[in-house]
Amino acid sequence: MNFRKTLFLVVLAGSVGGLVVWDHFKGTTSTDRAMQSKRLLNLDTKQINHFELVRSNQTIVLEKTGDSWDIKQPIAVRADFSAVRSTLDELEFAERSRTLTEKDLQGASLASFGLEAPRASIKLQAKSGPVTLLIGNATPTKDALYVQVAGRREICVGPASLYDRATQNLDALRSRTVIEFAPAAVTRMEIKTADRVIELKKTDAHWTIARPLTARADQDKISELLSGLAGLRVQEFVSEDPKDLHNFHLDEPDREVTIFSGETGQTLLLGRSPTNDASQVYAKLKSADSILTIAGESAKKFAVQINDLRDPRVLAFEPASIHSIAIARGADKLALQRAADGWKLTAPVGVAADAVAVGRLLDDLAAVRAKRFVADVTTEPQRYGLAQPAATVTLTGTETNVLLVGSTDDSNTVRFVKCAGAEFIYGVETNLLEQLPANYGALRSRSVFDLKADQITKLVAGPVTVARESGQWKLVTPASGALDTNAVDAVVAALAKLPADSFGRPKTEQDASVGYVIKATSGDATYWLAVATNGQAAASSVELTFQLPATSIALLTRPLLLTTP
């Protein structure tokens, strides 16, 4: 074998040996290995699935199932995951400050270290096998204690906190969650008192009230109730004896809250406050023995009446889903239809609608809320002004909603409304009637003219007439004067896309000659606009009179001549 081959085999053997050593220590650094060598217990507590805290008067047994811990002894209850994890973490990372070897212990007895009959012990069961840590007396300095792993001869000096962990109170390890469930999985809920049951059901992710009446439920309120229930925490564990039910008035609870996930239900009993502490309330899961207390403020959330849980919306619809609207106020009727290019008025005239105004109307109707649930059964509609309503609003979309608007109450606090086909009468804000359009002009398109400025070929503005020739404005009348072409362009641009502020009465023939008159020719058509000094205006293209803002009037009536002939 030559030298090169020998050298290669030596290097290869060294590399393989290094990999074996690395694999043995799993890539740990020398610092990590030094820290691990100081630990009392060489184990990974994440692998622990059973452990016991043993002391002279009690043994607490805990077992892990899946990701959850349960206390099995002295009572079978849920354990607090964080408390268990904290205990196990301290055991895993507890370090020895000194080790007394078999040689150091020659002539000494276990009793002198409190380890012949240990004050407490911690038994751990992992996949690799059982480990028991025996806890003896405190060291002379009282800041540490003697411990021994069962089966080993050496005695270690470990942290004094291990005794606190081994002897911790049962309640410190118990779960403080009153009732465990996933709010999103709940499909039914009942709140029961001595004289009434409120039943809520969820269908297709929407909550409804099923008892004592059938109505829409307030989705946010139900979510708050479920979140509040899931968030309840134990203040104090009072008793584990079911015979004490009567002593804490839970045999006749003030309230029972039951939740169902499918057919599986859990019921929480809510009772009274302790006589010496009004801030707490006795409570108990119906299926468990534990009697406990919770915060009184948290319990108050479930002292609800049926109307607290009702959907306050009078009309349940999405504005984007509506494709037609009809409003009747006495003899006045208007109708709108959503077309591909926007909303159109179809009655009493056929004209484009103002998309912003229609959107605002739908938003206002969607926002109508009940200030008061007045009646659940309609027997005297005339009493509420609903036999002959002041207004009727019909919204058609995925379904049809018809709102009847009645009179106000005697104190003018609410206005009565109801939906056709339903029995409920609501009291809403008194200004609802004022929010509805008084006439179709409120929803009509604000556009007076829809012209293209560059296609206007002639303009008559008061005494001045101009015409466009070869793309240039020329003065026609008066015969002389200096034309301000910038002013002409500004008037033409303003006129082409003129918006109205608001609409008034139907226009008459006389309106065409009132005030300052402007005429514009585009193609074969001539359009006119007449503006009074108060801003009231009329136009050839609009069937109603309308109001123009002062800024528009100033722009339209500006002088077109730089010098007056």
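Every residue, every condition in (1) of a type in the set (Phe, Trp, Tyr); (2) in contact with a Lys or Arg (Cβ under 9 Å, 6 or more places away or on another chain); (3) part of a loop (DSSP other than H, G, I, E, B); (4) surrounded by fewer than 18 Cβ atoms within 10 Å (Cβ to Cβ), yes or no:
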| position | (1), (2), (3), (4) |
| --- | --- |
| Leu53 | no, yes, no, no |
| Asp70 | no, yes, no, yes |
| Ser82 | no, no, no, yes |
| Thr87 | no, yes, no, no |
| Leu91 | no, yes, no, no |
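Just so you know, in region 431-459 the residues that are surrounded by fewer than 17 Cβ atoms within 10 Å (Cβ to Cβ) and polar (S, T, N, Q) include one that is nearest to Ala335 (Cα to Cα), and it is Asn439.
Pairing residues of region 228-239 that are more than 10 Å from Thr177 (Cα to Cα) with residues that are hydrophobic (A, V, I, L, M, F, W, C) and part of a loop (DSSP other than H, G, I, E, B), at Cβ distances under 9 Å and at least 6 apart in sequence or on separate chains, gives Gly228/Phe302; Val238/Phe248; Ser239/Phe248.
Here Thr551 clears all of (1) modelled with pLDDT of 95 or more; (2) within 48 Å of the chain's Cα centre (by Cα) except the condition numbered (1).
A quick yes/no check of all residues on (1) within 43 Å of the chain's Cα centre (by Cα); (2) part of a strand (DSSP E or B); (3) of a type in the set (Phe, Trp, Tyr):
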residue	(1), (2), (3)
Lys103	no, no, no
Leu115	no, no, no
Asn137	no, yes, no
Leu145	no, yes, no
Cys156	no, yes, no
Tyr163	no, no, yes
Ala172	yes, no, no
Ile179	yes, no, no
Thr208	yes, yes, no
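Candidates Ala217, Ala150, Ala210, Ala230: the one that is modelled with pLDDT under 95 and of a type in the set (A, V, I, L, M, F, W, C) is Ala150. The residues in region 380-406 that are hydroxyl-bearing (Ser, Thr, Tyr) and surrounded by 20 or more Cβ atoms within 10 Å (Cβ to Cβ) can be counted, and the count is 1. Scanning region 466-480 for residues that are surrounded by fewer than 16 Cβ atoms within 10 Å (Cβ to Cβ) and either touching a residue at least 24 places away in the same chain (Cβ under 8 Å) or of a type in the set (Val, Ile, Thr) (or both) yields Val476, Thr477, Pro478, Ala479, Ser480.
If only one of Ile135, Ile198 is of a type outside the set (S, T, N, Q), under 30 Å from Gly265 (Cβ atoms), surrounded by 15 or more Cβ atoms within 10 Å (Cβ to Cβ) and modelled with pLDDT of 95 or more, which one is it? From the options Ile135, Ile198, the qualifying one is Ile198.
Can you find even one residue in region 352-368 that is in contact with a helix residue (DSSP H, G or I) (Cβ under 9 Å, 6 or more places away or on another chain), farther than 27 Å from Tyr426 by Cβ and either modelled with pLDDT of 95 or more or part of a loop (DSSP other than H, G, I, E, B) (or both)? Among the residues of region 352-368, at least one is in contact with a helix residue (DSSP H, G or I) (Cβ under 9 Å, 6 or more places away or on another chain), farther than 27 Å from Tyr426 by Cβ and either modelled with pLDDT of 95 or more or part of a loop (DSSP other than H, G, I, E, B) (or both), which makes the answer yes. When Ser502, Ser513, Ser522 are checked against the criterion of being small (Gly, Ala, Ser) and without any contact (Cβ under 8 Å) to a residue 40 or more places away in the chain, Ser513 stands alone in meeting it. Within region 124-131, identify whether any single residue is surrounded by fewer than 16 Cβ atoms within 10 Å (Cβ to Cβ) and touching a residue at least 60 places away in the same chain (Cβ under 8 Å), and answer yes or no. Checked region 124-131: at least one residue is surrounded by fewer than 16 Cβ atoms within 10 Å (Cβ to Cβ) and touching a residue at least 60 places away in the same chain (Cβ under 8 Å).
The values are calculated or read from the model by the stated rules, or taken from the named source; none is laboratory data. All of these numbers come straight from a predicted model, not from anything done at the bench. With ideal geometry, Cβ positions are generated from the backbone for all residues, glycine too; neighbour counts draw on all protein chains shown.
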